[in-house]
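J.: Before I ask anything, here is the structure I am working with.
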Amino acid sequence: MQRDLVERRRWITSDDYVQGLALAQLSPGPLAAQLAMYLGWVRGGIAGATVIAVAFILPSFVMVLLLAVFYVRFGGLAWMQGAFYGIGAAVIAVILRSAFKLVRKTVAKDWLLWAILAINAVVTAWTEREIVWVFASSGIAALLIKAPPRRPSGVAMVALGGLPPWFLQGIHGPAAWTTLMRVATYFGEAGVFVFGSGLAIVPFLRGGVVGQFHWLNDRQFLDAVAVAMITPGPVVITVAFIGYLVAGLGGALAAALGVFLPCYLFVVVLAPHYRRYAENRSVKAFVNGVTAAACGAIAGAAFVLGRRAIFDVPTTVIFVVALVLSSVSRKLPEPLLILAAGIAGLMIKSAGG
């Protein structure tokens with residue numbers, strides 16, 4: 001966005017871009033989607049933000065939805081199992097690498113943020129889920145220690161009604177309308193409470209999808225993250241894949257709407273007013289604390305998922321190679337790395353019969 005919209009096309013000024021990035025960091029929800037919506041608002045107000053929201057989300061949503069359909073119908077086929085055998089290990093490497101880059105940018109040498117990171121990593125690894133009150137408390141602690149206290153923001157959520165059985169056909173058969181309601185509200189909470197990069201939502205989602213509601217097992221959840229990394233678009237689009245597995249097309253729509261609607265509302269409501277608060281010390285301190293907590297949660301989630309994805313010599317080798325390649329070559333596209341791991345996994349499984 002910065003290269004194309006600011007430097008090449010000059011549609012957005014550097015100041016507007018920086019302010020949009022600050023708003024995206026200050027607000028809960030997927031950072032890239034919020035930044036895109038804000039830039040759309042700069043160019044065309046609410047209509048611009050709305051058009052950008054659809055353009056940014058819809059293509060990857062459709063691609064993930066198609067993959068989810070094939071996954072549900074043909075998930076038992078050996079070739080798909082073999083591909084995800086390799087992909088799972090590579091995904092863990094990508095997650096760890098992303099967490100490391102996020103730590104370098106946000107935590108640096110701040111002892112308080114390192115403490116928050118460590119606590120959240122241990123809590124996530126130990127409980128195998130992200131505890132929202134620990135996450136929020138991390139931001140409050142940073143605020144109280146680093147800056148004068150200010151009032152935090154509120155919560156928004158979305159709900160959908162019952163739909164025909166074919167519309168709710170998930171991996172375990174037709175879902176009840178109450179499940180669809182739960183999908184919508186749960187992913188709405190994810191859209192409100194999760195800050196930072198797309199991967200920050202992974203530990204939060206695993207805690208509910210796998211641990212609390214038992215909609216998916218760890219293997220299926222890791223496959224959902226892998227699909228989001230293979231397809232272009234925001235990593236957060238994994239929610240559409242998860243929603244489809246739980247409750248079919250209705251679940252995919254409910255999950256995507258639940259995650260993206262809050263960040264859209266934050267942008268169109270806050271954009272006209274937020275600039276005077278962007279440099280506020282209290283706001284910055286809270287966001288830094290929450291970001292450090294997200295780093296810790298991502299590391300903890302990588303540990304939890306890694307135990308399921310890396311369980312023998314071939315998956316260990318794939319993990320190590322993927323981690324080294326993603327660390328050494330900054331220009332290596334992550335989807336290409338994930339696809340290569342899938343091919344390796346397929347070949348290993350085929351050779352082993």
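The values are calculated or read from the model by the stated rules, or taken from the named source; none is laboratory data. Owing to the predicted nature of the structure, the values given are computational and were not obtained by experimental measurement. Glycine also receives a Cβ, built like all others from the backbone with ideal geometry; neighbour counts cover every protein chain displayed.
J.: Tell me, please, whether a residue that is buried (at least 18 other Cβ atoms within 10 Å of the Cβ), at pLDDT 80 or above and among the small types (Gly, Ala, Ser) can be found in the stretch 106-118.
T.: Scanning the stretch 106-118 turns up no residue that is buried (at least 18 other Cβ atoms within 10 Å of the Cβ), at pLDDT 80 or above and among the small types (Gly, Ala, Ser).
J.: Condition check: at pLDDT 80 or above and out of contact with any Pro (no Cβ under 7 Å at 6 or more places or on another chain). Does residue 161 satisfy that? Step through it out loud before you land on a result.
T.: Values: at pLDDT 80 or above: no; out of contact with any Pro (no Cβ under 7 Å at 6 or more places or on another chain): yes.
For residue 161, the condition - at pLDDT 80 or above and out of contact with any Pro (no Cβ under 7 Å at 6 or more places or on another chain) - is not met.
J.: Could you please find all residues in the stretch 24-49 being free of Cβ contacts under 8 Å to residues at least 12 places away in the same chain and not aliphatic (A, V, I, L, M)?
T.: So the first thing to find is which residues in the stretch 24-49 are free of Cβ contacts under 8 Å to residues at least 12 places away in the same chain, and the list is 44-45, 47-48.
44, 45, 48, listed by residue number.
J.: Right, another one. Of everything in the stretch 302-344 that's within 13 Å of residue 85 (Cβ to Cβ) and in a loop (DSSP other than H, G, I, E, B), which residue is farthest from the chain's Cα centre (by Cα)?
T.: Selected residue: 312.
J.: Okay, moving on. Kindly list, by first and then second residue, each pair from a residue in the stretch 318-329 that is under 15 Å from residue 99 (Cα atoms) to a residue that is outside any helix (DSSP H, G or I) and of a type in the set (A, V, I, L, M, F, W, C), limited to pairs with Cβ atoms under 6 Å and residues at least 6 apart or on different chains.
T.: Sorted first by the residue in the stretch 318-329, then by its partner, the list stays empty.
J.: For residues in the stretch 208-224 being within 22 Å of residue 185 (Cβ to Cβ) and under 13 Å from the mean Cα position of the chain (by Cα), which is surrounded by the most Cβ atoms within 10 Å (Cβ to Cβ)?
T.: 224
J.: Against the condition outside any helix (DSSP H, G or I) and either among the basic types (Lys, Arg) or under 21 Å from residue 41 (Cα atoms) (or both), how does residue 262 come out, does it pass?
T.: Spelling it out, it is not the case that residue 262 is outside any helix (DSSP H, G or I) and either among the basic types (Lys, Arg) or under 21 Å from residue 41 (Cα atoms) (or both).
J.: Look at the stretch 191-219 and say how many of its residues are part of a helix (DSSP H, G or I), at pLDDT below 80 and among the aliphatic types (A, V, I, L, M). Working first, answer last.
T.: Here is the first cut: in the stretch 191-219, the residues part of a helix (DSSP H, G or I) are 191-193, 198-212, 218-219.
Still in the running and at pLDDT below 80: 191-193, 198-204.
Of the ones still in play, those that are also among the aliphatic types (A, V, I, L, M) are 192, 199-202.
Residues that pass the stated criteria total 5.
J.: Scan 310, 348, 338 and give me the residue that is of a type in the set (Val, Ile, Thr), in contact (Cβ under 8 Å) with a residue 60 or more places away in the chain and more than 30 Å from residue 123 (Cβ to Cβ). Talk me through it step by step, then tell me what you get.
T.: Numbers: 310 fails: more than 30 Å from residue 123 (Cβ to Cβ); 338 fails: more than 30 Å from residue 123 (Cβ to Cβ).
Only one candidate passes the filter, namely 348.
J.: Give just the number: which of (1) at pLDDT 80 or above; (2) surrounded by fewer than 19 Cβ atoms within 10 Å (Cβ to Cβ); (3) under 22 Å from the mean Cα position of the chain (by Cα) does residue 136 not satisfy?
T.: (1)
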